[in-house]
Each structure stands twice: as C-alpha cells, then as structure tokens.
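The values are calculated or read from the model by the stated rules, or taken from the named source; none is laboratory data. Model, not experiment: these values are computed from the prediction. No Cβ is skipped: glycine too gets one built from the backbone with ideal geometry, and neighbour counts run over all protein chains shown.
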C-alpha cells in the first residue's frame, strides 16, 4: 500500500525572539487571512524544507529571509517521525537539510524521502527514446510540482513542466513507471541504440572503403562492390601474372648464362651468393645478440633492485637492533595505571612492576637478540649472492656488447663490398630483366594493397559479430520487458483518474448545481503520451478560468484517491495556494468553501483518513470538518 506523508507543524525561528509555528492536522487544513498576512510565504517555506534549491530570498522573500534564520518542520513520512530543518545564515548550510539531526545535501534528502515513501526512483526518456539525451531521474522535486500548487500556477497540471515530465509523473503516481521505465527497458533501449550506431558505422565503413579502394586500385573483379570473394579472385589473377613474369625472367637469365663464358657467368653470382649468405647469417646473429643483451640488461636491473631492497632491510634491522639496545635500559618510574611512583628494591630477583622472575625476561631478550642476529646473517648472505650475480651479469653484458659490435662491423663491411658487385651484375643484366623486375614490383605492390583491403574488409565481419552479440543481449532484455508489460494496464490507470475527477465534479455539481457546465472529463494514459479531455476537446482549449480551477481541483482529488490503490505511488497530501483572482477576472473567495467540501468528505471515507490537504485562501468561512488556521499580522 502507498505510504502517506503528513505535516504536523512548521516553525520559523528569528535571530532574536520567539518562534512562529503553524500546526496542522490530518484531513483538511485551511490557512486563512487578509492579503499580505503571509499565507503563501508559509507554504513556500514548506516548499523550501521539502527540497527547493533556490535562495531563501527568492523563495519566500527578502523580508522573511532577513528576519528569520531557520525553518523547521515535523512530519510523518511513511509512518516514521521526521524532523527537517534548514538554516541560511550559517556559512555552507544553505544547500544542506538537517534530517533528524543529520546534515545532508538536498538531493540525498530528497532520495531518502522517496525511499521512505516507497516511491521507486526511475529514469525516464525526454523526447525520442532513441535520442542522444541521457534519461533524467524522476525525483521528488519533479513529483512535488503535482502536490504543491503555487498561487500563480493554476493553468496546467503542473505549470512550466515539459510534457515528458508530466507524463513520467502520471506514470509514477498510478504505479506504472517502475515497469514502463524499468532498468531492463533502459538497458534494452541502450542496446538498440548501440545496434543502430554499429549498423550505421558498418554502412559508412563499407561505403568509404569502396570509395577509397576505387581510387587506389582498378581491378576488373571489383568493378561493382568490394567482397571477400572478388578480392580473392583479383589476388589469384595477380599472383598468376607474377608467376608468368617470373618464368619469363628465368628464361632470360638462363639464355644469358648460356651465352656467357664460365668466368663471367659464375664468378660474380657465386661471390654475391656467398656474401649474401654471410650477410643474412650475420644479421640473424646480430638480432640474437641484441635480444640476449636486452634480457641481460633487464635481469641486471632486476638484481640491482633486489639488492637495494636487501640493503634497505638490513638498514632497518640495524636500526631496530640499536633501538633495542637503547630501550633495554629504560626503566618504568611511574605506574601506567595510577601514575604513582613505583618503588624498586635492591637485589630483587623479580620484576619490580609485574613481579615475575627476571630470569625469564633475560632469556626472552637473549632469544630475541638471537633471532635478530639470525635475520641479519640471512640478509647479509643474500646480499653477497646478489653482488656475485651482478658481477656475473656485468661480465656477460660486456661480452655480448663486444660480440654485437663485432657483428655490426662485419655487416657494414659486407654491405660496402656488395655495392660494386651489385652494380657490375646490374650492368651485365639485359634491359628485359629490368622491365620484368619493375612489372613484378608493381604487381607485388597491388597484391599488398589488395591484402590490406581484404584485412580491412574483415572489420565489417567483426562489426557484424558485435551486432549479433548485442542482439542476443537485447533479445533477453526484450523478454524481460515483455514480461513487465503484462503488469501495465493503461486502461485501468486511465479509468482510476477519470473516475476520480468525475467523482469530484459530480460532488461540486451536487453542492452547487450547474457549477460544472461541460461534458465529462476523460483521461487517456498511453506508453508515450497522455490526454486530459473535456468531451472530445483538450481541457486547456475548452475551459475558462473558473472551470479550469474546478478541473485542476478534480485532478488533485483524483490523485488523492489513488492512495487507496495497492500499486499507486501518491503520498496522500496536497498543498493548494488559491489565487485571489482567476484568469477570467472572477474571484475565488466565493468558491473556496464548496470546492473543498469534497476533500472534507473524502477524508472521512474508509482507508482515506490519513490523507492531508493544506489550502491557503482568503476566507473559508464556515467550512465544517476542516482545521482552521487564521493569520492576522499584515506584513
């Protein structure tokens, strides 16, 4: 069942003098008085205590903010007694609320209030559920705009509140928000947004790759679109062309070799082959030496760090031994319990404080010294081993450095020797070989490009796999959301508000015949929208000032009736600050009593005795069943 909130009293404390206090009861409370007697200011102080985060000067005026320094409210929240206090004179307290003596920020206090009232905190979408905006939290202050109606806000369900916020508040009050805006639904929307983003990314990726590839390569197989199969066909064709060119090159070289003498045909190639083998061997050896040298240097650094750690431990242990030697001779002169001087007896075999034999202490002390000595010997042994290992590693590092330097020098010598030999061989080569080499080089480059494009295109498949993985999670979330959807009954919730509003209008029409001259009210709640109608028209377009007043009071009456429903989340309180004059220039004073009589009757019905109505107006004369609070001081 929903939990109620009931305000018991509100007090404001001046810097000097007595507090001012208003005391409220359950049921209907009316705060009356002449203009400028502070009715609205009291209600704004209640608003301030319940989480308004503006400056007190802006909320209830400079005069009251100057005269008073704090406001306090005692209330019952979900059956638990609460005390709220806010101070604005002390530095750092303007943004704090004292809840039962504990200071906390406004957001924390509001969240605690929601928890105590069993109102779930949810997040709701603003605009499109797939939009880029983060879903805001539906907190206490957003809901409170439907509970506290300020004097100047009598034209909409909650004036100046966006449609999406009004929709979320209605869903919360009727008990649907926890299912409609569940964590699973929010996670599902996030996954679906992620899927759409990845699909767009995939399309843009393939399109861009196609465009860039068409400028880099011109392959017949890729004329329409890039596909893994078409790329493989192009690679196979280019590899066949390379093989053909290689065969042609071999034929040219074979003919050249056959046409030359042995001295010309074999000497240079043999020398080149031998030097090339030596060069390759030396390069491999150099790489191995560089790797070994790196490992040796890393191990040397590790051993140096280990050695330093041992030195630090030895230093600490020596300080401990020295401290023990100094502290051993210190004696206790006063009792640690009563601080009286301790008497010592000469040649006493027992401790003069605890009276136990001193021989045991000596043995224990000797044992401790032996343990410290043993630890020191162990550390010194480890230190010697680390130094020996460091010396071995240093020798190995110097040896590897020398071998690496020798190998590098030999590589440079062979490279200098190969330059003239390659030049002479190149001069002996026919131009056909150079042309074939150039063409094969061009084909190899195209092959490399195709391989790179193929690897890049594989990214498309990884995106597709990522989409599939997210779709699996989204499918599981969809099942949970669908299960929650069975708990949502928009028709029942719409009917509860519709009946509640029309009940109110029937009652005022009975009290004052023909006061409601329009068609019945209809409320239509949907997943993403809502409508409040009079007949077939929107209420704001249909009603004038007086009828709008009746309509909005019917709305608050229907919200109060929700508290009887087991799944509703309305706290059973409404605060109304009646305007002196409506938009159509009619006064409210002559309407105050009869518009509140349905609320008085409602408070007397079973299961509704815990509701509370606080209304501020000019008269409320002879309103039976209401607790009357009259203000007389004109500010």
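Could you go through region 44-54 and let me know if any residue there is over 14 Å from residue 150 (Cα atoms), at pLDDT below 90, surrounded by 15 or more Cβ atoms within 10 Å (Cβ to Cβ) and out of contact with any helix residue (DSSP H, G or I) (no Cβ under 6 Å at 6 or more places or on another chain). Checking region 44-54: not a single residue is over 14 Å from residue 150 (Cα atoms), at pLDDT below 90, surrounded by 15 or more Cβ atoms within 10 Å (Cβ to Cβ) and out of contact with any helix residue (DSSP H, G or I) (no Cβ under 6 Å at 6 or more places or on another chain).
List, please: which pairs have Cβ atoms under 7 Å, are six or more places apart or on different chains, and start with a residue in region 229-245 that is free of Cβ contacts under 8 Å to residues at least 12 places away in the same chain and end with one that is outside any helix (DSSP H, G or I)? As it stands, the answer is none, since no pair meets every condition given.
Test residue 576 against the criterion of being crowded, with 20+ Cβ neighbours inside 10 Å and in contact with a helix residue (DSSP H, G or I) (Cβ under 8 Å, 6 or more places away or on another chain), and give yes or no. Yes.
Take residue 488 and decide whether it is touching a residue at least 12 places away in the same chain (Cβ under 8 Å), surrounded by 15 or more Cβ atoms within 10 Å (Cβ to Cβ), outside any helix (DSSP H, G or I) and not assigned by TED's automatic domain parsing to the domain that holds residue 597.
yes
Is it true that residue 212 is at pLDDT 75 or above, over 30 Å from residue 404 (Cα atoms) and in a helix (DSSP H, G or I)? Here the answer is no, as residue 212 does not meet what is asked. For region 532-564, a residue qualifies if it is in a strand (DSSP E or B), free of Cβ contacts under 8 Å to residues at least 40 places away in the same chain and touching a helix residue (DSSP H, G or I) at 6+ places or on another chain (Cβ under 9 Å), and the qualifying residues are 533, 534. Identify all residues within region 1-30 that are touching a helix residue (DSSP H, G or I) at 6+ places or on another chain (Cβ under 9 Å) and under 27 Å from residue 114 (Cβ atoms); write none if there are none. Those that are touching a helix residue (DSSP H, G or I) at 6+ places or on another chain (Cβ under 9 Å) and under 27 Å from residue 114 (Cβ atoms): 2, 3, 5, 7, 10, 12, 22, 26, 27, 28. Being under 29 Å from residue 593 (Cβ atoms), without any contact (Cβ under 8 Å) to a residue 24 or more places away in the chain and crowded, with 19+ Cβ neighbours inside 10 Å, is that true of even one residue in region 60-77? Within region 60-77, one or more residues are under 29 Å from residue 593 (Cβ atoms), without any contact (Cβ under 8 Å) to a residue 24 or more places away in the chain and crowded, with 19+ Cβ neighbours inside 10 Å. Taking the criterion of being touching a residue at least 60 places away in the same chain (Cβ under 8 Å) and loosely packed, with under 15 Cβ neighbours inside 10 Å, the residues of region 78-100 that qualify are 79, 89.
One residue alone among 494, 478 is touching a residue at least 24 places away in the same chain (Cβ under 8 Å), assigned to a helix (DSSP H, G or I) and in contact with a strand residue (DSSP E or B) (Cβ under 8 Å, 6 or more places away or on another chain), and that residue is 494.
Answer yes or no as to whether residue 186 is within 30 Å of residue 156 (Cα to Cα) and modelled with pLDDT under 80. Criteria met by residue 186.
When we screen 105, 159, 118 for residues that are closer than 16 Å to residue 50 by Cβ and surrounded by fewer than 16 Cβ atoms within 10 Å (Cβ to Cβ), the only hit is 105.
State yes or no: is residue 146 farther than 30 Å from residue 14 by Cβ and part of a loop (DSSP other than H, G, I, E, B)?
Considered against the rule, which asks whether it is farther than 30 Å from residue 14 by Cβ and part of a loop (DSSP other than H, G, I, E, B), residue 146 comes out as yes.
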